[in-house]
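The numbers here are math on the coordinates, done by the rules we state, and not lab data. This structure is a prediction, so every number in the text was calculated from the model and none was measured. Cβ coordinates were reconstructed from backbone atoms using ideal geometry, including for glycine residues, and neighbour counts include every protein chain displayed.
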Amino acid sequence: MNQKHSQYRPLQVVASFFVTLLVASACTREPILHLHEEGHLPNVDTDLPIVEIGLDVFWDYRLVYGDDYDWEKEWYYGWDDTDRDLFGELGYKEPKTFQLRRYFTDQVPRAPHTTVDEYYLEQPHFEDRFKWGFHDILVWNNVETLDGVQSLNFDETTSLDYVTAYTNPTSDTRVQYPSTRTHFMPEPLFAAYEQAIEIDKALTGFTYDPVRKVYVKKLDTMLYPLTYIYLTQIILHHNYGRVEGVDGVSNLWGMARSVKLNDGVSGSDPIRVNYGCRFKEHCDKEGEDVDIIGGRLMTFGMCNMNPNTITRVEDIKEADGTRHYLDVNMKFYNGMDSTIVFDVTQQVRRRYKGGVLTIELDMDTVRIPNRKGGSGFNAVVEDYIEEYHEILL
């Protein structure tokens with residue numbers, strides 16, 4: 001039986017990124033500025049304290065009449081121990097280790113990067129000496145997975161001005177139309193980028209810390225998520241044993257293949273994101289006994305945008321006409337199977353930084369396949385009015 005709503009409080013991670021610039025002194029009293037001569041470079045102390053908030057805070061969509069979006073009220077699939085064993089936690093997890101890149105631009109703020117210093121942080125703390133002038137800092141979390149296999153790749157060689165995260169194609173070719181490639185799902189990714197951090201010899205913006213006997217300058221930025229969680233559920237009404245299971249894999253179409261860590265803008269290459277799904281019988285939907293095919297996926301979001309900078313759904317524009325589909329292979333009682341494709345374009349656009357995607361399917365209207373791989377359908381489902389369009393596989 002489905003367990004839902006109040007039991008599920010997954011965490012979304014947003015990290016406050018504190019850069020503390022330190023100028024050390026051997027004096028026991030407050031030093032004067034002229035002590036800091038050429039060759040005495042300021043020390044940088046970086047802290048990454050983590051703040052945990054729930055998905056209900058990150059998914060801060062405003063609905064009609066000023067109502068807030070409450071994803072738990074529409075999430076009927078739940079998330080039990082088996083789901084966690086198969087797919088991991090429902091929400092974001094707090095990152096423990098980080099990658100940090102430091103770029104020195106000399107006396108020119110926001111200049112193109114010509115050199116980079118690389119650091120691996122085993123704790124949310126960083127300390128090093130900085131040259132006088134301007135610096136840019138990029139930081140992102142290291143990847144942790146259930147099986148130790150990482151899907152995320154990072155391109156740091158094409159340009160020193162940005163780092164691109166991307167995933168590679170899978171071998172899933174069961175749906176050939178529209179013609180888009182299927183890629184592995186990315187892991188949770190967060191990043192922060194701070195530009196034009198100035199360290200001048202006048203120590204502008206520094207304050208003195210008498211305990212550590214140093215001058216301190218703090219800069220604040222935020223580690224924002226660059227992968228977004230979608231919870232998908234296909235609710236089967238009147239199934240009565242017709243569908244007995246799934247092959248365990250679904251795809252969400254039309255999502256970005258990559259993202260630039262520096263500005264959070266996703267790439268322009270739409271792909272299908274491959275993720276795991278599971279079939280559950282006898283779930284409760286407002287008193288009705290239904291079966292549900294549910295899953296959770298991470299994605300870089302829609303193409304050519306940074307969802308963290310968007311506040312209104314009206315600002316979502318996919319100029320290239322990209323549409324979003326969700327496919328699942330259902331296994332029927334007669335031993336046959338059928339891949340069914342659903343149009344979820346409007347739902348994805350409304351939930352531009354993640355959320356629940358729901359498909360209501362009346363099984364009384366679905367033809368039982370009589371051959372392996374049966375027919376595929378694009379099912380546009382709205383208020384129990386189903387319109388099917390056959391897709392040749």
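The table for this structure:
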{"quantity": "Relative contact order computed over the range 228-391 (Cα-Cα under 8 Å; 6+ residues apart), in percent", "calculated": "28 percent"}
{"quantity": "Whole-Hz ³J(HN,Hα) from phi, Karplus 6.51 cos²θ - 1.76 cosθ + 1.60, for the range 270-282, glycine and proline x", "calculated": "x, 9, 9, 9, 8, 8, x, 9, 8, 9, 10, 9, 6"}
{"quantity": "Under the Karplus curve 6.51 cos²θ - 1.76 cosθ + 1.60, θ = phi - 60°, whole-Hz ³J(HN,Hα) for the range 138-151, x wherever Gly or Pro sits", "calculated": "10, 9, 8, 7, 6, 8, 10, 10, 5, 9, x, 9, 9, 8"}
{"quantity": "Residues whose placed amide H lies under 5 Å from that of Phe126, excluding near-sequence neighbours", "calculated": "Thr46, Asp47"}
{"quantity": "Amide H contacts under 5 Å for Arg242, placed H, 5+ residues apart", "calculated": "none"}
{"quantity": "Under the Karplus curve 6.51 cos²θ - 1.76 cosθ + 1.60, θ = phi - 60°, whole-Hz ³J(HN,Hα) for the range 347-363, x wherever Gly or Pro sits", "calculated": "5, 4, 5, 5, 10, 5, 10, x, x, 8, 10, 10, 10, 9, 10, 7, 5"}
{"quantity": "Principal semi-axes in Å for the range 228-391 [√(5λ), Cα gyration tensor, largest first]", "calculated": "30, 16, 14"}
{"quantity": "Per-residue Cβ neighbour rank within 10 angstrom, fewest leading, Arg278, Arg312", "calculated": "Arg312, Arg278"}
{"quantity": "Interchain or long-range residues, amide H under 5 Å from Thr182's placed H", "calculated": "Thr170, Arg272"}
{"quantity": "Point-to-point label distance, Arg110-Lys93, nm (Cα→Cβ direction, 7 Å offset)", "calculated": "3.8 nm"}
